[in-house]
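Read-outs: derived from the displayed coordinates by stated rules, not from any lab. On a predicted model such as this, the values are computed, not experimentally measured, just so you know. Cβ placement follows ideal geometry from the backbone for every residue including glycine, while neighbour counts extend to all protein chains displayed.
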Amino acid sequence: MLARVTSLARRPPAGEVKTKLTVHDLELDLLSHSAQRSGTPIDLQAKEFALLEVLMRNAGRIVTKTMLLEQVWDFNFDPKTRWSRRI
């Protein structure tokens, strides 16, 4: 729950929703779910698109395995449990 709230807090306010992400010559269109690099379209599956979106939103920052699992695969960790899964 805390991770979900933290993730939501990082998003821009409702009035400032970005529909395109750009990092150097890579562009991701969040509305059409399309990607292109230097004008050349890139064919991506749904998880690949979600993974690229997380990486582009965090460009220049460290992205942890936990962040990827939570944001791309909806795999949530409960720090109060003893169970751990090696990935």
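Within segment 41-79, being within 16 Å of residue 20 (Cα to Cα) and exposed (fewer than 10 other Cβ atoms within 10 Å of the Cβ) holds for one residue alone: 41. Considering only residues in segment 28-76 that are aliphatic (A, V, I, L, M), without any contact (Cβ under 8 Å) to a residue 24 or more places away in the chain and in a helix (DSSP H, G or I), the one that is nearest to residue 3 (Cα to Cα) turns out to be 67.
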